[in-house]
Amino acid sequence: MKQLPSSKRLCPSVRGVVKLLIIIGIGSVSPVSAQIVEGKLLDYETGQPISGASIALLDRNGNTVRGTLSASDGTFRIEAPSTGQYRLRAERIGYRTTIT
C-alpha cells in the first residue's frame, strides 16, 4: 500500500484557494428550518475526490455536534441541529486535518 506523505493536505479552508467546496443552504420553508451543509472534499494537489473522510460539524466551542463520512465522489451532507454558526473539520488518514 502506498504511503502518503504526512505533509499531504486536505483542501485548504475557505480563506485560501477554495478546493473544498462548501455550500451552505438555509431551509426556505420557514425561518426555523435547520441549516444544511453540503460539499465536496478534494485533494489539494490533484483535485481528486477524497472518499471515506470524517467530516464533523463543530459548534462555537469546537465540540462536534454532527458528523458524516464523505462518499466515493467526495461529497458529504450534514444537517445542523439548529440555525447558527458552525465550522467544519475534515480528517482522513494520510492527510493533515483541516478546519474551516
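The values are calculated or read from the model by the stated rules, or taken from the named source; none is laboratory data. Please read these numbers as outputs of a predicted model, since none were measured by experiment. Remember, those area values only see protein heavy atoms, side chains included, never the ligands or the DNA or RNA. Shrake-Rupley method; radii C 1.70, N 1.55, O 1.52, S 1.80 Å.
With all protein chains kept in place, the per residue accessible area of region 33-86 amounts to 53 square angstrom at a probe of 1.4 angstrom.
The slack in the chain from residue 91 to residue 72, taken as 0.36 nm per residue of separation less the alpha-carbon distance, amounts to 5.3 nm. Close amide H pairs (under 5 Å, H built 1.01 Å from N) link residue 43 with 48, 50, residues at least 5 positions away or on another chain.
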